[in-house]
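Below is one structure, written out as structure tokens, with a few remarks after it.
The values are calculated or read from the model by the stated rules, or taken from the named source; none is laboratory data. The shown structure was predicted, so the numbers you read here are calculated from the model rather than taken from an experiment. Here the Cβ positions follow ideal geometry from the backbone for every residue, glycine too, while neighbour counts run over all protein chains shown.
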Amino acid sequence: MRVLLKAQMDVAAANEAVKSGAIGKALQEVMQQLQPEAVYFGPSGGKRTAFIFFDLKDPSQIPLVSEPFYQITQASVEIIPVMNADDLQEGLRQLGESQG
């Protein structure tokens, strides 16, 4: 299932992780594991935030992908199911068939 992992990092913890280089290493490891479809970084709610779109093959992956953000940057992490335009079109097609 395609999901968005949104990680909002604690400012002080992220500052330390940037200074020590830990954040770069952790992000590289997460990216290698996930092979994400897209990754964006930017401020959200006044905090450094990562937006990572990837295929969650099994719920057992959740600790693997979220723990680095918890441990290194004391982030709050959300994992949200998402669709691209093709997924939405297919969902609407199926909805139409079920109602017709």
Leading residue by the ranking (surrounded by the fewest Cβ atoms within 10 Å (Cβ to Cβ)) among those in the range 22-51 that are under 14 Å from Ala7 (Cα atoms) and charged (D, E, K, R): Lys47
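Where in the range 22-100 are there helices (runs of 4 or more DSSP H), lying fully within it, with 1 or more residues that are at pLDDT below 95 and touching a Ser or Thr at 6+ places or on another chain (Cβ under 8 Å)?
Details: elements: 22-34, 62-73, 85-99.
Ranges flagged: 22-34.
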Conditions (1) surrounded by 14 or more Cβ atoms within 10 Å (Cβ to Cβ); (2) of a type outside the set (Phe, Trp, Tyr); (3) over 12 Å from the mean Cα position of the chain (by Cα); number of the one not met by Leu4: (3)
Number of the condition not met by Val18 [criteria: (1) surrounded by 13 or more Cβ atoms within 10 Å (Cβ to Cβ); (2) of a type in the set (Val, Ile, Thr); (3) touching a residue at least 12 places away in the same chain (Cβ under 8 Å)]: (3)
For Ala13: the one exception among (1) assigned to a helix (DSSP H, G or I); (2) exposed (fewer than 15 other Cβ atoms within 10 Å of the Cβ): (2)
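Out of curiosity, is Ala7 in contact with a helix residue (DSSP H, G or I) (Cβ under 9 Å, 6 or more places away or on another chain), part of a helix (DSSP H, G or I) and in contact (Cβ under 8 Å) with a residue 24 or more places away in the chain? It would help to see each step written out before you state the result.
Values: in contact with a helix residue (DSSP H, G or I) (Cβ under 9 Å, 6 or more places away or on another chain): yes; part of a helix (DSSP H, G or I): no; in contact (Cβ under 8 Å) with a residue 24 or more places away in the chain: yes.
When the stated conditions are applied, Ala7 does not pass them.
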